[in-house]
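Contents: one structure, followed by commentary.
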Amino acid sequence: MTSEFLKYQAQTTPHPLALEISHANGSFIYDTNNKAYLDFVAGVSASPLGHNHPRVIRAIKQQLDKYMHVMVYGEYIQKPAVELTKLLAKNLPKPLEKTYLTNSGTEAIEGALKLAKRATGRSEIIAANKAYHGNTMGSMSVMGFEERKQAFRPLLPDVRFINFNSIKDLEKITTQTACVILETIQGGAGFIEPANNYLAKVRKKCNDVGALLILDEIQPGIGRTGKLFGFENYNCIPDILVTGKALGGGMPIGAFTASTNLMDLLMDNPKLGHITTFGGHPVIAASALATLKEITESELIPQTLEKEKLFRKLLVHSLIKDVRGKGLMLAIILDSAKITNQLILKSQNKGLILFWLLFEEKAVRITPPLTISEEDIIKGCSIIIDVLNEIQQA
């Protein structure tokens with residue numbers, strides 16, 4: 001199968017990990033040799049309830065027996081999508097009350113940027129250096145990493161960049177600015193949290209100049225940081241909230257949420273201001289609804305902070321320079337990119353799945369399912385320490 005994978009399926013890097021997957025359950029993935037791998041990545045934060053969660057699988061199967069795709073987004077009343085958007089509104093502060101469902105996080109970013117331009121009549125977008133918001137052309141335009149986008153220019157005009165956590169850079173937000181788009185916690189940059197009430201200060205600046213604030217919660221959202229939404233940790237409510245990844249419970253989804261007054265701008269003048277065929281797909285919405293119910297009705301969210309404490313207690317080694325992030329959105333910071341690569345690849349050989357971050361070459365991603373047990377955290381961290389000892393002794 002490896003040769004066919006490389007021959008027929010387009011690749012994203014010259015050296016994919018190329019595990020051939022047989023099945024997955026809970027916090028474990030199994031290859032075709034039935035070797036078990038403890039999953040510390042959760043599909044890059046997209047499987048918050050682990051693999052094959054019974055509540056999610058049951059919801060998917062029940063919806064499959066009723067209907068799948070019947071009409072493009074927004075025309076027919078389909079209960080799973082209505083119930084999902086209603087539950088999101090119930091769990092969000094005012095004025096975040098109306099949600100547009102999309103197929104992916106990057107599509108939701110595109111919709112959010114369009115909405116900000118439509119609402120303000122302005123064209124300037126302020127984004128952050130080392131930001132990652134997706135890989136379509138609009139999302140790439142607000143990616144703060146030139147190496148990854150220079151081959152695809154020209155991109156959107158009128159995009160300016162600021163440094164995350166820089167108060168001085170807030171001077172660049174002016175009455176020409178349509179929106180400021182930030183990750184609540186910077187992901188690809190190394191899981192950088194906002195410091196010194198930064199997001200609240202961005203919020204005030206946007207209010208002062210009439211710009212909208214878009215917060216990208218595609219990674220930190222849906223319970224990963226000890227709150228249902230990451231911004232709840234930082235004294236800041238955005239004008240437009242973007243979610244994805246974990247919301248689908250392992251199925252492909254994105255969403256952007258705003259006030260009714262803002263979101264209704266996409267209905268008219270022009271009509272069909274943002275459209276999608278498969279957004280709000282009933283099977284995916286059913287999966288997302290079951291996922292959101294499980295996370296909000298259980299103790300998983302407060303448990304993330306206890307599990308974070310356990311990770312921080314166990315991940316102590318002379319090669320580990322820092323453990324960044326919050327809840328179960330953590331990154332080990334090592335001495336060098338070489339050690340990062342060795343740790344990820346050697347850990348896979350020992351049955352532990354770790355992964356890289358996009359821009360910080362010294363970082364190792366730890367974003368396990370929220371459902372991971374303390375026993376499995378101890379087991380995985382033991383593998384990490386053992387591998388680091390091997391690297392140090394080599």
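The values are calculated or read from the model by the stated rules, or taken from the named source; none is laboratory data. Please read these numbers as outputs of a predicted model, since none were measured by experiment. Note: ideal-geometry Cβ built from the backbone for every residue, glycine included; neighbour counts use all protein chains shown.
Per-structure values
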{"item": "Residues that are over 13 Å from Leu213 (Cα atoms) and among the hydroxyl-bearing types (Ser, Thr, Tyr), drawn from the stretch 175-187", "result": "Thr175"}
{"item": "Some residue of the stretch 20-28 being more than 24 Å from Gly254 (Cα to Cα), charged (D, E, K, R) and modelled with pLDDT under 95", "result": "no"}
{"item": "Failed criterion for Lys271 (all others in (1) of a type in the set (D, E, K, R); (2) in contact (Cβ under 8 Å) with a residue 24 or more places away in the chain; (3) under 24 Å from Glu107 (Cβ atoms) hold)", "result": "(2)"}
{"item": "Test: Ile332 is free of Cβ contacts under 8 Å to residues at least 40 places away in the same chain, at negative phi and not in a loop (DSSP other than H, G, I, E, B)", "result": "no"}
{"item": "In the stretch 31-57, residue nearest to the chain's Cα centre (by Cα) [restricted to those that are β-branched (Val, Ile, Thr) and assigned to a loop (DSSP other than H, G, I, E, B)]", "result": "Val41"}
{"item": "Filter result for Val70 (surrounded by fewer than 18 Cβ atoms within 10 Å (Cβ to Cβ) and without any contact (Cβ under 8 Å) to a residue 12 or more places away in the chain)", "result": "no"}
{"item": "Qualifying residue in the stretch 304-323 (condition: touching a residue at least 60 places away in the same chain (Cβ under 8 Å), among the small types (Gly, Ala, Ser) and assigned to a strand (DSSP E or B))", "result": "no"}
{"item": "Considering residues of the stretch 1-23 that are hydrophobic (A, V, I, L, M, F, W, C) and not in a helix (DSSP H, G or I) only, the residue surrounded by the fewest Cβ atoms within 10 Å (Cβ to Cβ)", "result": "Ala10"}
{"item": "Residue that is nearest to the chain's Cα centre (by Cα) [pool: residues in the stretch 105-154 that are polar (S, T, N, Q) and over 24 Å from Thr276 (Cβ atoms)]", "result": "Asn129"}
{"item": "Flag for Thr257 being part of a strand (DSSP E or B) and in contact (Cβ under 8 Å) with a residue 12 or more places away in the chain", "result": "yes"}
{"item": "Positions within the stretch 260-316 being within 18 Å of Ile377 (Cβ to Cβ) and of a type in the set (A, V, I, L, M), in sequence order", "result": "Leu300, Ile301, Leu305, Leu310, Leu314, Leu315, Val316"}
{"item": "Cross-chain or 6+ apart pairs with Cβ under 8 Å, the stretch 349-371 first and on the phi > 0 side of the Ramachandran plot, then among the aromatic types (Phe, Trp, Tyr)", "result": "Gly351/Tyr37"}
{"item": "Segments classed as helices (runs of 4 or more DSSP H), wholly inside the stretch 132-238, with at least 1 members that are buried (at least 18 other Cβ atoms within 10 Å of the Cβ)", "result": "137-141, 198-209"}
